[in-house]
Amino acid sequence: MITFTTVFVILFFIFILQTVWLFITELAGKDLDFIMIIKFLLFAMPRIIPLVLPLSVLLASIMTFGSFSENYELAAMKSSGISLQRCLRSLVIFICFLSVVAFMFANNVIPYAEYKFMSFRRNIAQVKPALAIAEGQFNTVGIYNIKVNKKTGEKGNFLSGVTIHKKSLMGDGNKTVIKAKTGELISNEESNLLQLVLKDGYYYEDVTPNKYEDREKMPFVKSSFKKDIINIDLSKLNTTTVEEDDDDNKGMLDVSELSYTIDSLSKSKATEVKSFSENINQRVTNPLNSSTTPTNDTVKKAKKINPNDPLAIFTDDEKATVYKNALANTQSTILSIDGTLSDLNLKQKNINSHKFVIHEKFVIAYACFLMFFIGAPLGAIIRKGGIGLPIVFAVLIFITFHFINTFGKRVSQEDGLTPFMGAWIASIILTPLAILLTYRAINDIGIINMDRLTEPFQKLVKKLFPSKN
């Protein structure tokens, strides 16, 4: 238990440092106080548990049973009539309890923490808006690049030396520059708008003349102001850039909520498929121009149509019209089908992602069980404790598990695998390894029988260099 706790704390600290590095752009240079940093880390900690817990079980198992085997404690137990199965019995009960706790944690605690984590990141500007703007550097806020020389005041909301580059809505660069001597940030926690009040400044705006020859003169407009107010959408501050934040908040839902969401998404997709099928079937137009009313001659001709050659009764101009309308209708239908298929694929990917999250909660519980039955027998076989060789084996096994799991997630989201297979493929692949290691450890069989491997070479050496006895 002490070994497991120690390993868990060390690995947890390492992954916390990784989390800080991942979100360093949101933390660095914004004068965050100690309390806000602690809140940030507390909300981020639960999402680390699914990575740390299985690895801790694996490493602690290898270290503990490796130390037992290295010090001949397992041999002493076996000589006293205590088998390896009996040694593992109490630990299996503990691992089962740990697996149940891991599932409950993943189903209840992590969604709540994920919600608080996302809310904290998105509302950080409402709590202290000046944090979103660091001194001496340009800060991208929506369509504005804002730079201030100095921030003052209790909340850092009084600005001096303000320079703003406004991005063009046409996407052709920054054509408006605003410079002001002072400024003030005004926000309300109940509002999604942040007001930037500028005083004593100038507007500089490039003008693009209609005549090309006048553009070489590079004309611009300059205007001054005593006071100007810019409204900034707070949703543009601290925009999330990591991949997990683009998953429609699936991590904030428990199993029942995910099941309800999947049912709603599936019904929505089925309704769209049915509606699209009916619309396609109804797109039957007149072989001539559908915008005109059929004449009596057209009706008479339609009655005389030969099924073997339906266009034989039409003139060349009418045939051209038929071909033109048919081509236009076909192209329109193809575009409609392609657009709908793209939309349906996105809906299916979203459904797969939700299903994967459900299976992932159960995989966390099973991973603890699996890693124990890999680590404990492996430690008994390699007979090495401490932090040397066990760490090497643990890291290799866990990297393999994590890589296969990530691969399965990507493929299942792209509908290449079912969400069940995508989530469980790593466990399915490593389960035979756990069974094999447990069998060989119980029967005192090493991982590799070196005598069998070297026996052919020994025979070859004896033939080439026979003894002179």
Practice problem: Multiply the residue separation of Ile82 and Trp21 by 0.36 nm, subtract the distance between their alpha-carbon atoms, and state the gained length in nm to one decimal. | Solution: 17.2 nm
Quiz item: Residue-wise, which Karplus ³J(HN,Hα) couplings in Hz belong to the range 410-424, taking 6.51 cos²θ - 1.76 cosθ + 1.60, θ = phi - 60°, and x for glycine or proline?
Solution: 4, 5, 5, 5, 8, 6, x, 9, 5, x, 4, 5, x, 7, 9
Quiz item: Is any residue of the range 44-58 close enough, with backbone N under 17 Å, to a label point placed 7 angstrom from the Cα of Leu396 along the Cα-Cβ axis, and if so, which?
Solution: 58
Practice problem: Between Phe403 and Phe13, take the C-beta separation as r, use R0 = 25 Å, and let me know the FRET efficiency to the nearest 0.05. | Solution: 0.60
Quiz item: Lys181 to Asp233: extension gain in nm, 0.36 nm per residue of separation minus the Cα-Cα distance?
Solution: 16.4 nm
Quiz item: Say the cut-off is 24 Å between C-alpha atoms; which of Lys39/Lys166; Lys250/Lys347; Lys116/Lys166; Lys147/Lys199; Lys175/Lys222 go over it?
Solution: Lys39/Lys166; Lys116/Lys166
Quiz prompt | For the range 363-403: span of alpha carbons on each principal axis (Å, largest first) | solution = 29, 18, 13
Quiz item: Rg to Rh for the range 8-118: what is it, with Cα atoms only and Rh by Kirkwood?
Solution: 1.16
Practice problem: Rounded to whole Hz and in sequence order, give me ³J(HN,Hα) for the range 63-74 from the Karplus expression 6.51 cos²θ - 1.76 cosθ + 1.60, θ = phi - 60°, writing x for Gly and Pro. | Solution: 5, 5, 6, x, 5, 4, 5, 5, 8, 6, 6, 5
Quiz prompt | Pairwise FRET efficiency - Val101 versus Lys267, Cβ, R0 = 30 Å, nearest 0.05 | solution = 0.30
Quiz prompt | Sequence of Ile445, Ile133 when ordered by accessible area, the most exposed leading, probe 1.4 angstrom | solution = Ile445, Ile133
Quiz item: Can you give the accessible area of Asp317, probe radius 1.4 Å, in Å² rounded to 10?
Solution: 120
Quiz prompt | Principal axis box of the range 43-91, alpha-carbon based, largest edge first, Å | solution = 50, 20, 10
Quiz item: Remind me, what semi-axes does the range 344-422 give for its equivalent ellipsoid, largest first in whole Å, using sqrt of 5 times each Cα gyration tensor eigenvalue?
Solution: 34, 12, 8
Self-check item: Cα→Cβ-extended label distance, 7 Å offset, between Asn279 and Phe225, nm
Solution: 4.3
Quiz prompt | Computed lengthening from Leu42 to Leu335, 0.36 nm per intervening residue step minus Cα-Cα distance | solution = 100.6 nm
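The values are calculated or read from the model by the stated rules, or taken from the named source; none is laboratory data. Bear in mind the structure is a predicted one, so any value in this text is a computation, not a measurement. Cβ sites come from the backbone with ideal geometry, for glycine too, and all protein chains shown count toward neighbours. The accessibility values were calculated without ligands, DNA or RNA, using every heavy atom of the protein model including side chains. Shrake-Rupley method; radii C 1.70, N 1.55, O 1.52, S 1.80 Å.
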